[in-house]
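None of the figures in this text is laboratory data; all of them are computed from the coordinates on show. The shown structure was predicted, so the numbers you read here are calculated from the model rather than taken from an experiment. Every residue, glycine as well, gets a Cβ built from its backbone with ideal geometry; the counts of neighbours run over all protein chains shown.
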Amino acid sequence: MASWWLGEPVCSRKARVSVLLILLALLLPVVANGSCSSSHTQITVLCAGSMIVPFQKLADEFETAHPEVDVLVEGHGSIQVIREVTELHKEADVMVVADQSLLPMLMYGNKVPGSTDDYANWYIRFATNRLGIAYTSQSKYAAEIGSANWYEVLSRPDVKVGISDPRIDSCGYRAFMVCQLAEDYYSDNTIFERVMGDFSPPITVSDNLEAHVISVPQIVKPTKVTLRGYSVQLLGLLESGDLDYTFEYESVARQHGLGFVELPPEIDLSSQDFADRYGQVVSRWISRGSPR
């Protein structure tokens, strides 16, 4: 299994070459050993929506180098990528998620039906990223937003904000985590509520001895923010002016030529130096009345 995670950003060329090497290492044995009556072998890549652009380019290059291979790239939210395999039983040759912690959590110890094998017992970490705020030149207050006041701008009643669905996409629950981390960083305990607004049923934040725990129910209906399945589905709304800002990965914002507000590393989930700080906020899905 392949994954990418938030960390110090890498240049696009290095990331592209690294991913290509992974594809070659993982897929060439499949091509060599495949026994298919058709003249073409199909390789299925299920990836996080934020990786669709680079992986489609890699697929095109791979098919050029190996004309006997058809590479099918299919994008979903990271959690949904895993569910496509573990719950819908879709066959995939490569899986790419945006949060490496999901793989051991949801696939290790989870047995393939009729087998003693886990769905996964290893993964490769191959690229890094950071979370921030994407916008266009037409976004309200685009000329004044920055790393020091982003949460004030996003809290304004005339500003339209989008996030991906935290139940199926890592960018969504990470947006919650960033807002909660921001409350401690800026010493303002109203940031989460002002930026995200209300949800029905409510999304709650509770404290235990180790962390702030964000509990996300099975049904999420926002009253303020706009919700979409995964983060790249918000881009059309952003570019059309139906949204002013979205929580987004830096790579996606750069790929689409969008403005990007870089958040302080203490809250953008990008730096190993602040791993302990990030660990002070966790997100949980509520299943059958109990967090998991």
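Cross-link partners of Lys111 among aspartates and glutamates, defined as those whose alpha carbon lies under 19 angstrom from its own and excluding same-chain residues fewer than eight positions apart: Glu84, Glu87, Glu91, Asp93.
Note on Lys111 and Glu68: the model spin-label points, each 7 Å out from Cα along the C-beta direction, lie 3.8 nm apart. Placing R0 at 51 angstrom, the Cβ-Cβ distance between Asn149 and Ser39 gives a FRET efficiency of 0.30 after rounding to 0.05. Note that the range 51-63 has calculated 3J(HN,Hα) couplings of 10, 4, 4, x, 6, 5, 5, 5, 4, 4, 5, 5, 5 Hz, one per residue in order, obtained from phi through the Karplus relation 6.51 cos²θ - 1.76 cosθ + 1.60 (θ = phi - 60°); glycine and proline are x. The amide H of Lys224, built 1.01 Å from its N in the peptide plane, has Asp198 as neighbours under 5 Å, considering only residues 5 or more places off or on other chains. Under 29 Å of direct C-alpha separation, and excluding same-chain neighbours fewer than eight residues apart, Lys224 reaches these lysines: Lys140, Lys160. Sparsely packed loop sites in the range 156-239 (the GluC sites (Glu not before Pro) outside DSSP H, G, I, E and B with at most 13 other Cβ atoms within 10 Å) comprise Glu210. Available extension along the chain between Trp122 and Asp242 is 39.1 nm, counting 0.36 nm per residue and deducting the alpha carbon span.
Under 5 Å between amide hydrogens, built in the peptide plane, is the criterion, and for Leu243 it picks out Leu238 among residues at least 5 positions away or on other chains. Just to be sure I understand: of the beta bridges DSSP finds with both ends in the range 131-291, what percent are antiparallel, rounded to 5? Antiparallel bridges: around 60 percent, rounded to the nearest 5.
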